[in-house]
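To keep things clear, I will list the structure first and then write my remarks on it.
Read-outs: derived from the displayed coordinates by stated rules, not from any lab. What you see is a predicted model; the values in this text were computed from it and never measured.
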């Protein structure tokens, strides 16, 4: 069962259970995936599993940004709703790597590239992101790479 099928099945279950936030979040996720599929129709093989994951990673990132903005703006009720939506989206994403696991990937990338300092950041960061795509937050990866290269 692919991701869209799983979301559709869970959507039916949310309708039956009356879980409003889950229902709305799943509808939004389904719509975002459908938009991406339509966008990809004319360009090659169509929607891949990687495209689905990257689309949901983007949706999760938007929720995280909204949580920060609502918290800063003194709107805890809206921040709580975004947190609930984020938790639902994360159920459909691959297991997220811990900071230690990402740090291991960073060390490996630094040894592969022979990076020695902050100037090598542009060589290391793409290599790390390629390996952890969809499994780690980009901000965390960036901070760990900078720290490992002595820039942070």
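Here are the numbers for the structure shown:
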{"item": "Between helix 121-132 and the chain: long-axis angle, C-alpha atoms, 0 to 90°, nearest 10", "result": "40 degrees"}
{"item": "In degrees, nearest ten, helix 138-148 long axis to first principal axis of the chain (Cα)", "result": "10 degrees"}
{"item": "Extension reserve of the residue 27-residue 91 stretch, reckoned as 0.36 nm per residue once the Cα distance is removed", "result": "21.6 nm"}
{"item": "Full-extension gain in nm, residue 19 to residue 68, via 0.36 nm per residue minus C-alpha separation", "result": "15.2 nm"}
{"item": "Helix axis angle, 76-90 relative to the chain longest principal axis, alpha carbon, degrees", "result": "80 degrees"}
{"item": "Alpha-carbon centroid distance for the pair segment 86-113 / segment 1-67, whole angstrom", "result": "22 Å"}
{"item": "For segment 3-90: rounded, prolate or oblate by the Cα gyration tensor [a/c cutoff 1.5]", "result": "oblate"}
{"item": "Over segment 99-148 - Rg/Rh using Cα atoms and the Kirkwood inverse-distance radius", "result": "0.90"}
{"item": "Gyration tensor (alpha-carbon) shape descriptor, segment 37-152, a/c threshold 1.5", "result": "oblate"}
